[in-house]
Amino acid sequence: ILNVEQSPQSLHVQEGDSTNFTCSFPSSNFYALHWYRWETAKSPEALFVMTLNGDEKKKGRISATLNTKEGYSYLYIKGSQPEDSATYLCAFMGTGTGNQFYFGTGTSLTVIP
Amino acid sequence: EPEVTQTPSHQVTQMGQEVILRCVPISNHLYFYWYRQILGQKVEFLVSFYNNEISEKSEIFDDQFSVERPDGSNFTLKIRSTKLEDSAMYFCASSLGQSNEQFFGPGTRLTVL
């Protein structure tokens, strides 16, 4: 079983603050990393699919970077809003894992108005 | 916007009973997945399905589990003889390609008594 870690486990920020969190994964045999946003009582919603070292993806105020050589990805939220409150999950797929994704435990973000 | 649907939303069953969880993936997607999340734990991969056969399964997916795509639209997960530890939220997902973003259904909460 591969280890995918996310930090911090939870985060409280004030509205307007920018924030970032980390997903760590094995640095060898990388195939893909997905980021998901998961609001309470809803299903996970895909944010980014990252496949190449150095990838930077952006969607509105949310962006992500990928470093496959050192095994981490950062998710950034600029100017957090209350509607950004959710759990952010990353999921790793390696070349030797078939098409099995390994999920982190998630970072729970609460944006305080 | 197309979405993945799952039924039922909540299933309560007695230990030892068989359950079938149903999913309707997005119609043009080719890859289908089942995941589960036991309360307080990580999302865990169970199985992926492509071209009418299982393409990958995890250690969790033992002989008690099976999947089917009986009619070209539904994708089902059967647990033959449920155990207490099968109590979890079960998510179905689908994607266009192996490393494309996955679209998750709303989940079925399975409670085994």
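The values are calculated or read from the model by the stated rules, or taken from the named source; none is laboratory data. Since the model is a prediction, treat every value here as computed from it, not as a measurement. FYI the Cβ positions are ideal-geometry reconstructions off the backbone, even for glycines, and counts take in every protein chain you see.
Results for (1) assigned to a loop (DSSP other than H, G, I, E, B); (2) closer than 23 Å to B:Tyr33 by Cα, shown as yes or no for each residue.
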| residue | (1), (2) |
| --- | --- |
| A:Leu2 | yes, yes |
| A:Pro26 | yes, yes |
| A:Tyr36 | no, yes |
| A:Ser43 | yes, yes |
| A:Phe48 | no, yes |
| A:Lys58 | no, no |
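Remark: pairs (first residue in the stretch B:28-51, more than 10 Å from every other protein chain (Cβ to nearest Cβ); second residue buried (at least 18 other Cβ atoms within 10 Å of the Cβ) and not in a strand (DSSP E or B); Cβ separation under 6 Å; 6+ apart in sequence or on different chains) = B:Phe32/B:Pro25.
Being outside any strand (DSSP E or B) and at pLDDT 95 or above narrows it down to one residue among A:Ser80, A:Ser108; which is it?
Working: A:Ser108 fails: outside any strand (DSSP E or B).
It is A:Ser80.
Before we move on, is B:Phe49 under 11 Å from the mean Cα position of the chain (by Cα), within 20 Å of A:Tyr88 (Cα to Cα) and at pLDDT below 95?
Numbers: under 11 Å from the mean Cα position of the chain (by Cα): yes; within 20 Å of A:Tyr88 (Cα to Cα): no; at pLDDT below 95: yes.
No; evaluated as a whole, the condition is false for this residue.
Scanning the stretch B:57-107 for residues that are away from chain A (no Cβ under 11 Å), in contact (Cβ under 8 Å) with a residue 24 or more places away in the chain and among the polar types (S, T, N, Q) yields B:Ser73, B:Asn74, B:Thr76, B:Ser81, B:Thr82, B:Ser87, B:Ser94.
Quick test for you: out of A:Thr87, A:Thr110, pick the one residue that is within 14 Å of another protein chain (Cβ to nearest Cβ) and either touching a residue at least 60 places away in the same chain (Cβ under 8 Å) or within 19 Å of A:Ala46 (Cβ to Cβ) (or both).
A:Thr87
Residues of the stretch A:1-37 that are among the aromatic types (Phe, Trp, Tyr) and in contact with a Gly (Cβ under 7 Å, 6 or more places away or on another chain): A:Phe25, A:Phe30, A:Tyr31. Against the criterion of being surrounded by fewer than 22 Cβ atoms within 10 Å (Cβ to Cβ), over 17 Å from B:Cys92 (Cβ atoms), modelled with pLDDT under 95 and not basic (Lys, Arg), B:Gly40 qualifies. Quick check on my filter: what residues within the stretch A:72-82 are surrounded by fewer than 17 Cβ atoms within 10 Å (Cβ to Cβ) and either of a type in the set (A, V, I, L, M, F, W, C) or closer than 18 Å to A:Lys58 by Cβ (or both)? Passing the criteria: A:Tyr74, A:Tyr76, A:Lys78, A:Gly79, A:Gln81.
Counting the residues of the stretch A:32-69 that are farther than 19 Å from A:Ser108 by Cα, crowded, with 17+ Cβ neighbours inside 10 Å and within 9 Å of another protein chain (Cβ to nearest Cβ) gives 2.
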